[in-house]
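Right, one structure below, let's go through it.
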There are 2 protein chains.
Amino acid sequence: MATKSSPQSIEVHAPVDMHVHVRQGEMASLVVPHVEQGGMTLAYVMPNTVPPLTSVDQCLAYLDELEKYTSSNVELVGTLYLHPSLTREEIAKAAATKHPRSGRRRIMGVKSYPRGVTTNSEGGIESYEAYYEVFDEMQKHDMVLNLHGEVPSNEENNITVMTAEAAFLQHLHSLHARFPNLRIVLEHATTEAAVEAVKKCGETVACTITPHHLELIVDDWAGKPLHFCKPVAKTYNDRKALRKVIAEGHARFFLGSDSAPHPVTSKLPSASTHGSSHAALNCGCAAGVYTSAILLPLCASLLDSFGALDRLSSYVSDNARRFYKFDGLNRKVTLHKVDSSSQDQRAIVPGSYTLDAHAQIKDGEKGKIQVVPFWSGKQLGWIIA
Amino acid sequence: MATKSSPQSIEVHAPVDMHVHVRQGEMASLVVPHVEQGGMTLAYVMPNTVPPLTSVDQCLAYLDELEKYTSSNVELVGTLYLHPSLTREEIAKAAATKHPRSGRRRIMGVKSYPRGVTTNSEGGIESYEAYYEVFDEMQKHDMVLNLHGEVPSNEENNITVMTAEAAFLQHLHSLHARFPNLRIVLEHATTEAAVEAVKKCGETVACTITPHHLELIVDDWAGKPLHFCKPVAKTYNDRKALRKVIAEGHARFFLGSDSAPHPVTSKLPSASTHGSSHAALNCGCAAGVYTSAILLPLCASLLDSFGALDRLSSYVSDNARRFYKFDGLNRKVTLHKVDSSSQDQRAIVPGSYTLDAHAQIKDGEKGKIQVVPFWSGKQLGWIIA
């Protein structure tokens, strides 16, 4: 018997993931189907591909490629990579795109990556002033600016991965002040400072929060590559602030998973992977946590763990749909609570997701694409019916 | 031609490593010889073995084992693991130990590990008050208390690996106030706060600084298991404070490498290492940076990089020998500067150090013990003549 305080099942209206990486080629063929498997109705697909999606044509071709791998239950929406080649004309062109089924814009925004802070961000921006014309055009067309909110680490100002987000917030405030009608989303906030900054902004500024940042702190990625992502998870107090703003159901905070698949060989480089190369032995593990395939159950499990299950719908659906002005998303997803003593195998997160690769992956090596998910081997508290 | 400002060779008198982990069994047989290879005359060997060294007899037996692997050029000194079984009598017994060759105490101190903060610290302490009798006895015998200066992470106080050392310093001050004549060493300091705290203490309080903490910051271990150690490297400003106190030649700051060998399979766990076990896929990488085999050249290279080469002797030898009252260490080690354009193979740090294991290592698996050093594949600026 479901009650408000401890329901045994929940129906969620049209969950949407407003920040996801699905890569290209064979990796995309593995992970795109996981968007639907993870309970999502729509996914906002990030443009940090190789090369990055700096034009409308590139972005549409990419979305065409991705749609080969998904059913009509899922709508994929694109965003452009902020780059010097982006013109007013290109913004107008993006604003005129239409999804063949929904009639919605197929490209809804522009994503800004500060240079060098995360995966494939080498072409990222160094100064926002150069893009004021682009932002002005975006504001006219009601396009969304998605901000990766970190500044590069810097010895002079003592900025490290731990303080890179807080140091970025001045840019959020100045952009919002200059373009008050431009919809801006601060992506994957990890700090109390970011939550407070977004709250202080007006109705045109929103914020995504990943499920993994609702669980992890710095200790959890210290020596644990599978939990390493950018921005890095911060302190207990930061986590508390993220949980609190979701538990409050604040209308401008919603799910963007930042789910980021990396081959396990990039995530857990082994001595054998390195072979005898000296230089390679110091190489790092790729930044990213993979959650797409378990996304809605994971969000339910986490919110349940800190008493915010009643805000699941606002976190994974209502708030984003309101901010992004999504109409006509009608798929409903039902979750069932898992009896934690049941050993229900459907609730155990797989050790990895694999694809037998048909083509050569790299360096002449054939093999499986293997992605290890967050909560690998753990039991979810909720599963999709 | 050697000049004071840019010498081509340096002679160092009796370098000593006042904090090193050499493990047991086959790993010890691989790494103990590296103490001499790394240019050290004496090494202070940590007691977090399995089981930990909580008695004089255990510690002496351990030193006997280790000495099988080293020449008479190197003296190994022991320290006991602070533990409820440690009594006044055991302290007196430790104080009465003598090294057969040097006549010096063979066990010079007691090491305190807060519970659960690093490798094999599960038996560490939770409160210092319980050990006041032991500290009093140590003070009487002029034994040294070696402190791993971190408190466990704690949600209530928002303490994480990034703030665990600063939060510990109150204990240093209270111990020093209560036992002003007890020689205390704050081990492997990583923060400006720790440097300031030690400076404020009297002449009985000293501090070790590792070479890797003279180079790394938090960004360097984010996703890089080979650079992950406890305490974790902190910020640019913290690194600056560590470099500054060494460059000043402050008499109470000296080398303790905290060199910690881990099999590469523990340091870089791979998908294949994990096999199909679900639980194991979330396991972490062991904490520790391995520097023993390249220690003196590494220290020279680092101090040279920040203009403190003239303090090499105070860092690696003079200050520790004064504080620990080491007499009669006479071995001199000469370093030569490496021409950075020379591709001198002797200056390239090996990809790994390996030992063909004769016995079964674990889980029925036979194989090589392989340890990847810090600076693996990089060129040192100085080499031992």
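Consider B:Gly328 carefully, then state whether it is surrounded by 13 or more Cβ atoms within 10 Å (Cβ to Cβ), out of contact with any strand residue (DSSP E or B) (no Cβ under 6 Å at 6 or more places or on another chain) and at pLDDT below 95.
no
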Practice task
For segment B:136-146, indicate whether the set of residues that are surrounded by fewer than 16 Cβ atoms within 10 Å (Cβ to Cβ) and at pLDDT below 95 is non-empty.
Solution key: no
When segment A:229-268 is checked residue by residue, the ones that are crowded, with 23+ Cβ neighbours inside 10 Å, at pLDDT below 95 and either touching a Phe, Trp or Tyr at 6+ places or on another chain (Cβ under 7 Å) or within 8 Å of chain B (Cβ to nearest Cβ) (or both) are A:Val264, A:Leu268
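To keep it simple, each residue is scored yes or no on (1) of a type in the set (A, V, I, L, M, F, W, C); (2) closer than 20 Å to B:Leu147 by Cβ; (3) surrounded by fewer than 24 Cβ atoms within 10 Å (Cβ to Cβ).
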{"position": "B:Pro7", "(1), (2), (3)": "no, no, yes"}
{"position": "B:Val31", "(1), (2), (3)": "yes, no, no"}
{"position": "B:Gly38", "(1), (2), (3)": "no, no, no"}
{"position": "B:Asn48", "(1), (2), (3)": "no, yes, yes"}
{"position": "B:Leu60", "(1), (2), (3)": "yes, no, yes"}
{"position": "B:Asp64", "(1), (2), (3)": "no, no, yes"}
{"position": "B:Ser71", "(1), (2), (3)": "no, no, yes"}
Output for Cβ contacts, cut-off 6 Å, separation at least six or different chains, first residue within 16 Å of A:Ala260 (Cα to Cα) in segment A:204-227, second surrounded by fewer than 22 Cβ atoms within 10 Å (Cβ to Cβ) and at pLDDT 95 or above, reads A:His227/A:Asp220
Could you go through segment A:284-302 and let me know if any residue there is surrounded by fewer than 20 Cβ atoms within 10 Å (Cβ to Cβ) and either within 30 Å of A:Val205 (Cβ to Cβ) or at pLDDT below 95 (or both). yes
Quick count over segment B:216-244, residues being acidic (Asp, Glu) and touching a Leu at 6+ places or on another chain (Cβ under 6 Å), is 0
Within segment B:210-228, restricting to residues that are closer than 15 Å to B:Glu150 by Cβ and more than 10 Å from every other protein chain (Cβ to nearest Cβ), the one that is surrounded by the most Cβ atoms within 10 Å (Cβ to Cβ) is B:Thr210
Margin query: Based on this model, can you work out whether A:Gly25 counts as crowded, with 24+ Cβ neighbours inside 10 Å and either of a type in the set (Gly, Ala, Ser) or without any contact (Cβ under 8 Å) to a residue 40 or more places away in the chain (or both)?
Written below: no
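The values are calculated or read from the model by the stated rules, or taken from the named source; none is laboratory data. Model, not experiment: these values are computed from the prediction. In this analysis, Cβ positions are derived from the backbone assuming ideal geometry, glycine residues included, and neighbour counts consider all displayed protein chains.
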